[in-house]
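Following: one structure in structure tokens, then a few remarks.
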Amino acid sequence: MVCVEEITECKKGKYKVFLDNGTVWPLYRGEIRSRGLAPGTYLSKEEYDEILSEIIFVRAKKRALHLLERMDRTEAGLRDKLKQNEYPAEAIDEAVSYVKKYHYLDDARYAAAYVRSYQNTRSKRRIMADLLSKGISKANASRALECEYEADECEKIGKLLAKKGYDENMRQEERRRVYAFLMRRGFKSEDILKAMKCSDYLT
């Protein structure tokens, strides 16, 4: 048996139902009334599972689909967003399993697309760090870089220098800014200095 400890209103018509097992359900007023929920109400396992499957799980799946329609996400990113929307852990697991089943969520695909999008402006090292920070596994990130990263990093540095209007005769302060710009994109210091034709570090 699970007991309803508290029900609080968070938005007009929407409430949080706090259970004594630590779970919090986001429910609407009509759902609370139809299920007879109130502080002190006890739910049997059957009643608990029924609310989860018929209301919470369904809503979490719809929310996950809506989030993925707006933009592609990693599994970690989707889980974080659903958690922010205050869905319980079991509902998040159910929603993630559902969208993965239909290939709406695919970390390997996300990683490959990310590499293709940023390979012309960021180094391999920077892209790897970006993917790991987004919750992509090292295996998926490494595979995506191996399969999708085509640009030559030295050539890429040259193009970015040209885009920045780099000139060897620039003042030292301006050269430092260009150097810092390239460092932020994850390029190796020695490669940057070689392309800029600098004999000394610009730090």
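Computed quantities for the displayed model
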quantity: Selection count, the range 21-44, where residues are over 31 Å from the mean Cα position of the chain (by Cα) and surrounded by fewer than 13 Cβ atoms within 10 Å (Cβ to Cβ); calculated: 9
quantity: From the options Y48, Y87, residue that is more than 30 Å from K138 (Cα to Cα) and of a type outside the set (D, E); calculated: Y48
quantity: Qualifying residue in the range 147-157 (condition: surrounded by 14 or more Cβ atoms within 10 Å (Cβ to Cβ), in contact with a strand residue (DSSP E or B) (Cβ under 9 Å, 6 or more places away or on another chain) and aromatic (F, W, Y)); calculated: no
quantity: Restricting the range 94-139 to residues that are within 30 Å of V58 (Cα to Cα) and polar (S, T, N, Q), the residue that is surrounded by the most Cβ atoms within 10 Å (Cβ to Cβ); calculated: S137
quantity: Selected residue (criterion: nearest to the chain's Cα centre (by Cα)) from residues of the range 88-103 that are outside any helix (DSSP H, G or I) and without any contact (Cβ under 8 Å) to a residue 40 or more places away in the chain; calculated: H103
quantity: Selection status of L161, in contact with a Lys or Arg (Cβ under 6 Å, 6 or more places away or on another chain) and surrounded by 14 or more Cβ atoms within 10 Å (Cβ to Cβ); calculated: no
quantity: Of all residues in the range 7-20 being charged (D, E, K, R) and under 19 Å from N85 (Cα atoms), the one that is surrounded by the fewest Cβ atoms within 10 Å (Cβ to Cβ); calculated: K12
quantity: Filtered residue count, the range 45-87, keeping only those that are in contact with a Lys or Arg (Cβ under 7 Å, 6 or more places away or on another chain), closer than 27 Å to R33 by Cβ and not in a loop (DSSP other than H, G, I, E, B); calculated: 2
quantity: Inter-residue pairs, beta-carbon under 9 Å, first under 18 Å from Y87 (Cβ atoms) and in the range 34-59, second assigned to a helix (DSSP H, G or I) and hydroxyl-bearing (S, T, Y), 6+ apart; calculated: F57/Y98
quantity: Any hit, the range 180-190, residues being modelled with pLDDT of 85 or more, part of a helix (DSSP H, G or I), within 30 Å of R79 (Cα to Cα) and in contact with a Gly (Cβ under 6 Å, 6 or more places away or on another chain); calculated: no
quantity: Check on K62, basic (K, R) and either under 16 Å from F18 (Cα atoms) or touching a helix residue (DSSP H, G or I) at 6+ places or on another chain (Cβ under 8 Å) (or both); calculated: no
quantity: First in the range 112-135 and at positive phi, second anywhere and of a type in the set (A, V, I, L, M, F, W, C) and modelled with pLDDT of 90 or more, Cβ under 7 Å, 6 or more apart; calculated: G135/A76
quantity: Test: L182 is closer than 30 Å to K62 by Cα and either outside the structural domain of I55 (by TED's automatic domain parsing) or exposed (fewer than 13 other Cβ atoms within 10 Å of the Cβ) (or both); calculated: no
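The values are calculated or read from the model by the stated rules, or taken from the named source; none is laboratory data. A quick note: this is a predicted structure, and the numbers were derived from the prediction, not measured. Every residue, glycine among them, receives a Cβ derived from its backbone with ideal geometry; neighbour counts consider all protein chains shown.
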